[in-house]
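Peer 1: First the structure, then my questions, so here it is.
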Amino acid sequence: MTHNYCIHNHKICQYIYNDRKKIGYEKNTGAAVFPVTNLFKKELCVLLGLERHGIYSDLFNLCAGGMDKKDNGCFLQNAQRELKEEFKIKCNKLWADCNDKTDNTEVYESEDYICFLFNATPVFIIGISNISTELINKKIEKCNCNRDLSWSEREMYKVEYFSLKNLKLIILGYYKGIEYRDASLSKFATGVIQHVLTHF
Ligand SMILES: [Zn+2]
């Protein structure tokens, strides 16, 4: 059983639980991350991952997943864990792991994200530096070969930056990938990207 409240009492987590109640959705869906960067200082890009399994197999998807017992009912922890497991990115912009700090008295909220609910799933937009996909993909490959790791750490084939400008065209169906071998997006990613393109 996972908690149905955030044990850290984050305001944002409370809002998410309340909003989900309002739309009549109390089942836990987990959280998603929308990592953006201004790649080459000119194009706003989002990092997506090519899924290996499940309903989104062989489609590019957001970094996302269900809440785990170890997330303590916290969507920030949930999102950050997914980022680490699926995209191999260690980040403390959402939730500062107090075990990681020398001064471990404080758990704090960061202002470094934008959060919105897509259907019932909180999506966290965070800025990331231009992390090399080559580096991430090497880590992903290594993890995928390691059968000692859980499935949750071997979910992606690779990650790729997609410019929001191109995604708009992909979604409209006009863009045939030049740089991307296959630009097929999951239904979830398509919905979230559409939301971002129209609201931000
Ligand atoms: Zn929380």
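Peer 1: Within the stretch 168-195, can you find the residues that are at pLDDT 85 or above and surrounded by 19 or more Cβ atoms within 10 Å (Cβ to Cβ)? Walk me through it before giving the result.
Peer 2: Start the filter on the stretch 168-195 by keeping residues that are at pLDDT 85 or above, which leaves 184-195.
Leu185, Ser186, Phe188, Ala189, Val192, Ile193, listed by residue number.
Peer 1: Separate question: When you check Asp148 against the structure, is it modelled with pLDDT of 95 or more and of a type in the set (Asp, Glu), yes or no?
Peer 2: Numbers: modelled with pLDDT of 95 or more: yes; of a type in the set (Asp, Glu): yes.
Yes; evaluated as a whole, the condition is true for this residue.
Peer 1: Quick check on my filter: what residues within the stretch 74-86 are over 19 Å from Phe118 (Cα atoms) and in contact (Cβ under 8 Å) with a residue 60 or more places away in the chain?
Peer 2: Scanning the stretch 74-86 gives Glu85, Glu86.
Peer 1: Looking at Leu94, is it within 11 Å of the ligand (Cβ to nearest atom) and not hydroxyl-bearing (Ser, Thr, Tyr)?
Peer 2: On the way: within 11 Å of the ligand (Cβ to nearest atom): yes; not hydroxyl-bearing (Ser, Thr, Tyr): yes.
Yes: the conditions hold for Leu94.
Peer 1: Further, regarding this structure: From the residues in the stretch 29-71 that are within 16 Å of the ligand (Cβ to nearest atom) and assigned to a loop (DSSP other than H, G, I, E, B), which one is surrounded by the most Cβ atoms within 10 Å (Cβ to Cβ)?
Peer 2: In this case the residue turns out to be Met67.
Peer 1: Scan the stretch 1-28 for residues that are assigned to a helix (DSSP H, G or I), within 13 Å of Asn78 (Cα to Cα) and more than 9 Å from the ligand (Cβ to nearest atom) and report the count.
Peer 2: 0
Peer 1: Residues of the stretch 39-73 being in contact (Cβ under 8 Å) with a residue 40 or more places away in the chain and polar (S, T, N, Q), which ones?
Peer 2: Across the stretch 39-73, the qualifying residues are Asn61, Asn72.
To keep it simple, each residue is scored yes or no on (1) modelled with pLDDT of 90 or more; (2) part of a strand (DSSP E or B); (3) under 23 Å from Asp19 (Cα atoms).
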| residue | (1), (2), (3) |
| --- | --- |
| Gly73 | yes, no, yes |
| Ala79 | yes, no, yes |
| Val107 | no, no, no |
| Glu111 | no, no, yes |
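Peer 1: Next question. Show the residue pairs meeting these rules: Cβ distance below 8 Å; 6+ apart or different chains; first residue within the stretch 1-22 and under 14 Å from Leu94 (Cβ atoms); second residue basic (Lys, Arg) and assigned to a loop (DSSP other than H, G, I, E, B).
Peer 2: Close Cβ pairs satisfying both conditions: none exist.
Peer 1: Check the stretch 154-167 and report whether any residue there is of a type in the set (Gly, Ala, Ser), under 24 Å from Asp68 (Cβ atoms) and over 16 Å from the mean Cα position of the chain (by Cα).
Peer 2: If we filter the stretch 154-167 for residues that are of a type in the set (Gly, Ala, Ser), which is where we start, we get 163.
From the residues that got through so far, the ones that are under 24 Å from Asp68 (Cβ atoms) too are none.
Scanning the stretch 154-167, I find no residue that is of a type in the set (Gly, Ala, Ser), under 24 Å from Asp68 (Cβ atoms) and over 16 Å from the mean Cα position of the chain (by Cα), so the answer is no.
The values are calculated or read from the model by the stated rules, or taken from the named source; none is laboratory data. Here the structure is a predicted model, which means the values were calculated and not measured. Because the Cβ atoms are built from the backbone with ideal geometry, glycine has one as well, and the counts that use them run over all protein chains shown.
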